[in-house]
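First the structure, in the form of structure tokens, and then the observations on it.
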Amino acid sequence: MTTPTPLRLKSSAGRGVLFATILASGMAFLDGTIVNVALPHIGADLNSSVAGLQWTVNGYLLTLAAFVLLGGSLGDRVGRRKIFILGIVWFTVASLLCAISPTIGMLIGARFLQGAGAALLTPGSLAIIQASFQADERGKTIGLWSGFSGISTALGPFVGGFLIDALSWRWAFLINLPLGVVAVLAALRWVPESRAPKEATRFDVSGAALAALALAGITYALIESPNRGWGSPLVIGALGIGVASAVGFVLVERHKGDAAMTPPALFRSRVFSILNIYTVVVYAALSGQSFFVAVTLQNVAGYDAFQTGLATLPATVLMLLLSARSGDLATRIGPRWQLAVGPIVAAVGVLLLRRIGPHANYLTDVLPGVLLFGLGLVTLVAPLTTAVLGAVEMRHSGIASGVNNAAARAGALVAIAALPLLVGLTGAAYEVPAQLTASFREAMLWCAGLMVAGSGLAVVFCGRLPKIAWHRAVTTMTTASHSVHPVRETTSEPTS
């Protein structure tokens with residue numbers, strides 16, 4: 001097996017690798033933002049209940065959160081290029097199944113498959129960059145990947161809203177087909193094969209299976225209990241399986257030690273443990289807000305899908321413009337106070353969004369809340385990533401980032417499952433403006449409360465990182481901040 005010379009960004013092969021990884025990961029990011037905008041149209045066309053809409057979002061999140069670390073390990077062992085291409089094909093085919101779904105049940109099933117495809121392709125993007133480029137260009141390349149991926153996230157509601165209004169909600173998924181074909185061709189043409197040494201790979205199937213069962217069981221119980229009742233054998237059984245699997249996951253991971261998907265050594269750091277709880281809480285608020293705002297703007301305020309995409313765009317633009325400066329500030333002062341202040345600013349924005357109602361005025365009822373919410377996210381996201389990396393030893397930086405990524409998705413999953421239950425939004429109530437308005441305003445109180453709880457965690461538990469660890473985290477962040485599995489020494493093969 002030969003080892004090719006690492007690539008330069010200015011070379012045609014280097015630009016090709018960057019193009020393939022941006023396009024593939026951009027599909028997954030684009031999909032996540034488009035679907036929220038499409039939810040009211042999906043519900044009306046497929047005669048779905050609130051539970052159906054919840055599963056449309058959570059089916060994707062569940063398999064992605066449960067298997068993203070396993071997907072990274074599979075690429076390390078089998079070959080990152082192979083798994084990356086498999087993930088793109090899988091995701092694209094699942095997108096087609098979503099687009100042609102005649103019932104909400106089939107759509108939900110296809111979304112489960114789509115999330116599994118994303119779990120294969122997403123970790124491969126960063127690992128391929130890490131393995132393919134010269135060491136002195138990896139930081140710059142990852143920065144370009146992050147920036148262009150962020151643009152795809154920002155364009156999601158905008159492009160999706162236009163396609164949904166002009167054509168159909170099905171185009172929220174059909175748009176992935178040409179993108180997927182081009183991404184596969186680019187990967188076949190330019191991406192070199194690489195893998196980690198066998199002794200460095202983790203392949204924790206039992207851990208991934210238990211994580212999936214835990215998330216699925218608890219999510220099912222939360223979503224289905226309003227319709228079936230907490231006394232339903234199905235709900236009780238699902239909850240029991242979820243809790244038992246969660247306990248089993250902890251025991252199995254402890255027994256496997258460093259060979260586990262989530263090595264217990266990571267959680268010996270109190271700061272790391274608290275930061276992941278913080279991540280669950282804050283991202284639960286973020287996802288709950290996004291879910292409810294997208295539906296309320298359309299079914300209560302009378303916005304169309306395109307207007308809804310435009311309405312929330314300023315928050316994403318702020319993230320793109322100011323995240324680097326927020327990271328620089330955290331480098332100078334440490335992450336603690338940004339982690340504390342950011343959620344408070346976001347909480348004020350969420351409370352201002354409670355003004356949304358029938359015929360809401362965008363400039364007075366929507367924009368102020370969107371801007372403050374965006375500023376809050378700008379303040380906390382970059383310091384959170386760096387603090388997570390600074391809380392563990394350097395050899396665990398990749399897996400630490402991956403665990404934190406999974407924690408964010410788990411928070412989103414639980415929030416979208418639990419919030420409609422907490423605010424009494426069941427059945428087809430989301431189609432009744434008065435009922436949806438009342439539930440939306442109560443949900444925003446819950447989201448604001450979660451943000452305040454996150455701030456409290458930062459103030460009480462997240463003291464300033466030790467100086468050495470903090471500066472190490474800053475220097476490591478550019479190469480690991482978006483990683484979803486360990487970045488290890490690689491061996492490479494030439495592209496076939």
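Computed values, structure above
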read-out: Residue among T426, T385 that alone is in contact (Cβ under 8 Å) with a residue 60 or more places away in the chain, in contact with a helix residue (DSSP H, G or I) (Cβ under 7 Å, 6 or more places away or on another chain), β-branched (V, I, T) and surrounded by fewer than 24 Cβ atoms within 10 Å (Cβ to Cβ); value: T426
read-out: Members of region 308-363 that are charged (D, E, K, R) and within 20 Å of T279 (Cβ to Cβ); value: R336
read-out: Some residue of region 328-337 being crowded, with 18+ Cβ neighbours inside 10 Å and part of a loop (DSSP other than H, G, I, E, B); value: yes
read-out: Residue within region 121-133 that is at pLDDT below 95 and under 18 Å from V35 (Cβ atoms) present; value: yes
read-out: Test: T308 is at pLDDT 80 or above, among the polar types (S, T, N, Q), part of a helix (DSSP H, G or I) and within 16 Å of Y430 (Cβ to Cβ); value: yes
read-out: Any chance A94 is assigned to a helix (DSSP H, G or I), without any contact (Cβ under 8 Å) to a residue 24 or more places away in the chain and either farther than 30 Å from Q298 by Cβ or assigned by TED's automatic domain parsing to the domain that holds L121 (or both); value: yes
read-out: Those residues of region 92-125 which are surrounded by 22 or more Cβ atoms within 10 Å (Cβ to Cβ) and either farther than 19 Å from A406 by Cα or in contact with a Cys (Cβ under 7 Å, 6 or more places away or on another chain) (or both), in sequence order; value: T92, A94, S95, C98, L107, I108, A110, R111, Q114
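Let's see how each residue does on (1) under 16 Å from V181 (Cα atoms); (2) part of a helix (DSSP H, G or I); (3) of a type outside the set (F, W, Y); (4) modelled with pLDDT of 80 or more:
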site: L69; (1), (2), (3), (4): no, yes, yes, no
site: I88; (1), (2), (3), (4): yes, yes, yes, yes
site: G109; (1), (2), (3), (4): no, yes, yes, yes
site: A119; (1), (2), (3), (4): no, yes, yes, yes
site: L144; (1), (2), (3), (4): no, yes, yes, no
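The values are calculated or read from the model by the stated rules, or taken from the named source; none is laboratory data. No experiment lies behind these values; they were computed from the predicted model shown. Glycine also receives a Cβ, built like all others from the backbone with ideal geometry; neighbour counts cover every protein chain displayed.
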